[in-house]
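The structure under discussion appears below in the form of structure tokens.
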Amino acid sequence: MKMKAKTVDKIATYVIVVLALFIVVLLLGLLGFILARGIGQVNWHFLTSAPQLLKGGGGIGPQLFNSIFLLVLTLIITIPLGWGGGIYMAEYAKPGRITSFIRLVVEVLSSFPSIVIGLFGLLLIVNTFGLGFSLISGALALAIFNLPLMVRTTEQAFRAVPKEQKEAGLALGLSKWKIITSILLPVALPSLITGTILASGRIFGEAAALMFTAGMSSPPLDFTDWNPTSPRSPLNPFRPAETLAVHIWKVNSEGIGPDSKEVAAGASAVLVILVLAFNLSARWIGRVVYRRMTASK
């Protein structure tokens, strides 16, 4: 005896709701566990002081600044290239073997393990180009790591815009670039923001690629020296830079200080809070920009 359609629909709805609740509970449990272990270690001294190798009481100040600075450098490289590549694939590239090959390359790059990107960056960027272990080397490696995601997200966002809007712009005699910037971009902007958020989360949490490019140590930084050419300046992109994710791995695996576990737990909590704060703020900025560009409420 076949089940009635309403019964099947109810069962499917219950299963989907249970799975969704399970994912939410799992996520909240993971976040709660990390925050409960480390939030007690987080204070102003912990966020601003330098780490200590042999004694307790160290912080994550340089590593926290390095992570944020590396994020900015990577997005400066990734956003123009990723958005530009996605717009080209969606609006300018003609169907054919070359376009299919480019799309295949993007798909392959998106599945590469981060350790492979790190080794590639070590051989090409660090050694061949002579940039050494530095922030700019890490930013270039992470740009390669995140470009496929940005290109694919941008292409899908522009292809999801209804064709009627593009045809209306053509009927008004607008140029293709004007249609892209004034009609397609405002509609695709929420998806572009989402792609940028995903890429930024990977930048914050990446460790394997950065160990071979940005390095696993940082020089003593002088936060009163804002000359980008100074070796101890925090704004120097050509200096080694241990990021927060690399520091967590290093403390967990090689830490010999008396409070290494507490430092790792506190740094993990800060990393989670940073990712959450960036995601929420980026979504808010995306909504504000969307409203202003589309004059919607």
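Note on region 1-86: Rg/Rh from C-alpha atoms, Kirkwood Rh, equals 1.30. In this rough spin-label picture, where each label sits 7 Å from Cα along the Cβ direction, the A50-I76 distance is 2.5 nm. Placing R0 at 22 angstrom, the Cβ-Cβ distance between I256 and L30 gives a FRET efficiency of 0.20 after rounding to 0.05. Split the accessible area of the chain by element, probe 1.4 Å, and carbon with sulfur accounts for 70%.
Given a 1.4 Å probe, how much area per residue of region 1-107 is accessible, in Å²? The partial results should precede the final answer.
Working: 7530 Å² over 107 residues.
On a per-residue basis, region 1-107 sits at 70 Å².
Across the alpha-carbon atoms of region 118-188, the computed radius of gyration and Dmax are 19.0, 54 angstrom. Listed by chain and number, the lysines placed with their C-alpha closer than 25 angstrom to that of K176 are K94, K163, K166; residues fewer than eight positions away on the same chain are left out.
If you stretched the chain out fully between A171 and L276, how much longer would it get, using 0.36 nm times the residue separation minus the C-alpha to C-alpha distance?
Working: separation 105, 0.36 × 105 = 37.80 nm, distance 4.33 nm.
Answer, rounded to one decimal: 33.5 nm.
Sorted from greatest to least, the principal axis extents spanned by the alpha carbons of region 97-229 come out as 60, 42, 25 Å. Shape verdict for region 229-273, please, from the Cα gyration tensor: rounded (a/c under 1.5), prolate (a/b greater than b/c) or oblate. Here region 229-273 falls in the prolate category.
For the chain, the average shadow cast by the Cα convex hull is 23.0 nm², which is a quarter of the hull's surface. Per residue, the convex hull spanned by the alpha carbons of region 1-155 comes to 240 Å³.
In terms of its alpha-carbon gyration tensor, region 184-248 comes out oblate; a/c meets the 1.5 threshold, while b/c is at least as large as a/b.
In a solvent-free Debye calculation with one equal scatterer on each Cα, what is log10 I(q)/I(0) for region 150-297 at q = 0.09, 0.11, 0.13, 0.14 Å⁻¹, listed in the order of the q values? Here log10 of I(q) over I(0) equals -0.48, -0.65, -0.80, -0.86.
The values are calculated or read from the model by the stated rules, or taken from the named source; none is laboratory data. Bear in mind the structure is a predicted one, so any value in this text is a computation, not a measurement. Counting neighbours? That spans all protein chains shown, and the Cβs are built from the backbone with ideal geometry, glycine included. With ligands, DNA and RNA removed, areas are computed over all heavy atoms of the protein, side chains included. Shrake-Rupley method; radii C 1.70, N 1.55, O 1.52, S 1.80 Å.
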